[in-house]
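These notes are about the structure you will find just below.
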Amino acid sequence: MNPFDVTAFLGTAGLIGLVVLLFVETGVLVGFVFPGDSVLFTAGLFAAQPDPFAPLWLLLLVLPIAAAAGDQCGYAIGRRFGPRVMRGRLMGFIGDEPVERTNAYFHRYGPVTVVFARFIGIVRTLVPLLAGLARMDRLRFTAFSVLGSVLWCGSLVTAGHFLGGIAILRDNLEVLFVGSALTIIVPMALTLAHRRRSRRRGLGSEPSCDRSSSPPP
């Protein structure tokens, strides 16, 4: 099952696979690579078909629960292992920019960040981890997490269900998938490119070790 081939993934994994994907996307740091937005939209579109893999009401009930449960797992990991995770190889791959951007959201908007971060790729994976690391009040985090999960899942699934009947959207789902993937790929590419330039700049600024310039003994 390939979660990046959204249509094939939903056709094979069904509702169980979708629940697992949403949980992992925010519950485990590696989940930042999953295309949650396009999967939810496509799930709503499939629910509008004559023989759906799951009815709309069930998606609207189960998917926010899976997303909120993933938040709880990410929060627990951040609270228990936060410093170790922040020093880990995977966080090094993600880079500093997404972490700094997420922290800036927290500083500016406070706990409301937990709600709107749901709609921002990578950030929705980092928010539970950083909230746990900062020891944000768990009850407050849970309240905003549930609200964000309901809004995120509900809006995208419902949009897919009702807009999927429009032929131009239904016949060009690839554009949606590519756009969703780019929200993850572009920031990652920019982070890696910036890191590479910084490394080269650091090597270029190292002092020369030419012996001819050293004073005679």
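The values are calculated or read from the model by the stated rules, or taken from the named source; none is laboratory data. Note that the structure is predicted; figures quoted are calculated from it, not measured. Heads up, the Cβs are rebuilt from the backbone with ideal geometry, glycines too, and the neighbour counts pull from every protein chain shown. Surface accessibility is based on the protein's heavy atoms, side chains included, excluding ligands, DNA and RNA. Shrake-Rupley method; radii C 1.70, N 1.55, O 1.52, S 1.80 Å.
Protein chains only, probe 1.4 Å: how do 86, 91 rank by accessible area, largest first?
Working: 86 60, 91 10 Å².
So the residues, ranked largest to smallest area, are 86, 91.
Pop the C-beta distance of residue 107 and residue 20 into the FRET formula with R0 = 35 Å and round what comes out to the nearest 0.05.
Working: r = 33 Å, r/R0 = 0.94.
Once the sixth-power term is evaluated, E becomes 0.60.
Rounding to the nearest 20 debye, state how big the charge dipole of the stretch 1-149 is about its Cα centre with +1 on each Lys and Arg Cβ and -1 on each Asp and Glu Cβ. Present the calculation step by step, with values, prior to reporting the outcome.
Numbers: 12 positive and 9 negative charges, 145 e Å.
For this selection, approximately 700 debye.
How far apart, in nanometres, would the label points at residue 155 and residue 65 be if each is projected 7 angstrom from Cα along the Cα-to-Cβ direction?
2.4 nm
Taking the Cβ of residue 67 as the centre, find all other residues whose Cβ is under 11 Å away and add up their charges (Lys, Arg: +1; Asp, Glu: -1).
On the way: positive: 118, 124; negative: 25, 71.
Within the 11 Å Cβ shell, the charges total 0.
If you consider only alpha-carbon coordinates, what radius of gyration and Dmax does the stretch 1-137 have, in Å?
According to the Cα coordinates of the stretch 1-137, Rg and Dmax are 15.6, 49 Å.
Would you mind telling me the share, in percent, of accessible area of the stretch 10-156 contributed by carbon and sulfur at probe 1.4 angstrom? Please report the intermediate quantities before stating the final value.
Working: 4350 of 6510 Å².
Of all accessible area on the stretch 10-156, carbon and sulfur atoms account for 67 percent.
Starting from the 7 Å offset along Cα-to-Cβ, what nm value, one decimal, do you get for the label separation of residue 100 and residue 140?
About 2.6 nm, to one decimal.
For the stretch 56-164, what is the accessible area per residue in Å², given a 1.4 Å probe and the full set of protein chains? Could the numbers behind the result be given before it?
Values: 5280 Å² over 109 residues.
For the stretch 56-164, the per-residue accessible area is 48 Å².
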